[in-house]
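A.B. asks: Mind having a look at this structure? Questions to follow.
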Amino acid sequence: MPNEKLARRYATAVFEVAAERDAVERIGRDLHALRDAIAADETTARFFAAPIVDRYEKERALAAAFDGKVDDVALHTLLLLVRKHREALLPELLVQYDALQTQARGLEPLSLATAKPMSDADLRALVARLEAIYGKKFDVTASVDPSAIGGVRITMGDKRVDGTIAGRLDDLSRALFAQNPNA
């Protein structure tokens, strides 16, 4: 599992450079494009992740493939990860960079998972209510999770409220098992 703390350090450094250049959005897009391009081809992904491939060979190949096609900061971030043998940090670095972008816009991440897609009106009403309760603005990600059966699962940062039927059945099962552990 990639080191979240280390990825946050890299992301913070990249974000600060991007902010100085007034290119936060562009560099974020380019970092995602680099990750997507590497992951799109299985051979390329294996080449990028392989610890036995000489890092200078990786650097040359990546520079040749992406130079002039993405922002220099994004490319040099990728090359730095290769140089430091930290290629596995790229996905977590992107998660942390995206979180810094969201925070800079004054928004907090909010994930909503429901068994069926919510209508736009219901989604807006739920988000408006949460914004009023918490006094924050949210960057909303809505997803469909059929295993929820019904209800909604809300995740705000490190807080999670599981109002799904599956979550309630899970709670009931744990409560019953706690009363009769031999069952």
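The values are calculated or read from the model by the stated rules, or taken from the named source; none is laboratory data. All values derive from a computational prediction rather than experimental measurement. Quick reminder, even Gly has a Cβ in these numbers, built from the backbone with ideal geometry, and neighbours come from all protein chains shown. Ligands, DNA and RNA are stripped out before the accessible areas are found, and what is left, the full protein with its side chains, is counted by its heavy atoms. Shrake-Rupley method; radii C 1.70, N 1.55, O 1.52, S 1.80 Å.
A.B. asks: Using a 1.4 Å probe, how large is the accessible area of F15, given in Å² and rounded to the nearest 10?
C.D. replies: Accessible area, nearest 10 Å²: 30 Å².
A.B. asks: Could you let me know the centre-to-centre spacing of the stretch 23-47 and the stretch 74-116, using Cα atoms, in angstrom?
C.D. replies: 12
A.B. asks: Now, a different point. Rank these by accessible area, largest first, 1.4 Å probe: M156, M118.
C.D. replies: Order by accessible area, largest first: M118, M156.
A.B. asks: Given H placed on each backbone N at 1.01 Å, which residues far from G151 in sequence or on other chains put an amide H within less than 5 Å of it?
C.D. replies: Answer set, sorted by chain and number: A115, I165.
A.B. asks: Can you give me the distance in nm between label points at E131 and D145, each placed 7 Å from the Cα along the Cα-to-Cβ direction?
C.D. replies: According to this spin-label approximation, the distance is 2.4 nm.
A.B. asks: Which of the DSSP-defined H helices in the chain satisfy a minimum axial length of 15 Å, computed from C-alpha atoms, and a minimum mean Kyte-Doolittle hydropathy of 0.5?
C.D. replies: 72-83
A.B. asks: With a 10 Å cut-off between alpha carbons and a GNM built on the chain, which of A113, A125, A104 moves the most?
C.D. replies: A125
A.B. asks: At a Cα cut-off below 29 Å, give the lysines reachable from K84, other chains included and same-chain residues fewer than 8 away excluded.
C.D. replies: K5, K58, K69
A.B. asks: How would K159, K136, K116 rank on accessible area, largest to smallest, probe 1.4 Å?
C.D. replies: The ordering from most to least exposed comes out as K116, K159, K136.
A.B. asks: Given springs between every Cα pair under 10 Å in a Gaussian network model of the chain, which of D162, D170, D71 has the largest fluctuation?
C.D. replies: In this elastic network of the chain, the residue with the biggest mean-square fluctuation among D162, D170, D71 is D170.
A.B. asks: Same structure, new question: What are the ³J(HN,Hα) couplings of the stretch 143-158, residue after residue, when phi is run through the Karplus curve with 6.51, -1.76, 1.60 and θ = phi - 60°? Round to Hz, x for glycine and proline.
C.D. replies: Values per residue, Gly and Pro as x: 9, 10, 10, x, 5, 5, 6, x, x, 9, 10, 10, 10, 10, x, 9 Hz.
A.B. asks: Carbon-plus-sulfur fraction of the accessible area of the chain, 1.4 Å probe, in percent?
C.D. replies: Result for the chain: 54 percent of the exposed heavy-atom area is carbon or sulfur.
A.B. asks: Once the stretch 1-57 is represented by equal point scatterers at the alpha-carbon sites, with solvent omitted, what log10 I(q)/I(0) does the Debye formula produce at q = 0.14, 0.21, 0.23 Å⁻¹?
C.D. replies: With no solvent term, the Cα-only Debye profile gives -0.54, -0.99, -1.04.
A.B. asks: Counting only DSSP beta bridges with both residues in the chain, what percent are antiparallel, rounded to the nearest 5?
C.D. replies: Once the DSSP bridges in the chain are tallied, antiparallel ones form about 55 percent.
A.B. asks: S111 to A178: extension gain in nm, 0.36 nm per residue of separation minus the Cα-Cα distance?
C.D. replies: 21.1 nm
A.B. asks: To the nearest 10 Å², what's S173's accessible area with a 1.4 Å probe?
C.D. replies: 70
A.B. asks: Related question: Spin-label point model (7 Å from Cα, Cβ direction): what's the D171 to R26 distance in nm?
C.D. replies: Taking the two extended label points, one gets 4.9 nm.
A.B. asks: Starting from the Cα of K136, draw a straight line to each of the lysines and keep only those under 16 Å, dropping any in the same chain fewer than 8 residues away.
C.D. replies: Qualifying lysines at Cα under 16 Å: K159.
A.B. asks: Say we join alpha carbon atoms closer than 10 Å with springs in a Gaussian network model of the chain; which of L126, L75, L90 then has the biggest fluctuation?
C.D. replies: L126
A.B. asks: Once you have the Kirkwood Rh of the stretch 62-137 from its Cα pairs, apply Stokes-Einstein at 20 °C and 1.002 mPa s and quote D in µm²/s.
C.D. replies: Using the Kirkwood radius from Cα pairs, D works out to 136 µm²/s.
A.B. asks: Moving on to the next point. So what is the relative contact order of the stretch 92-183, in percent, for Cα pairs below 8 Å that sit 6 or more residues apart?
C.D. replies: The value is 30 percent.
A.B. asks: Under a 5 Å amide H to amide H cut-off, with H placed in plane at 1.01 Å, what residues pair with E108 once short-range neighbours are removed?
C.D. replies: Amide H to amide H, under 5 Å and 5 or more residues apart or across chains, E108 pairs with K137, F138, D139.
A.B. asks: Sticking with the crude label model, points 7 Å out along Cα→Cβ, report the distance from M156 to S119 in nm, one decimal please.
C.D. replies: Taking the two extended label points, one gets 2.5 nm.
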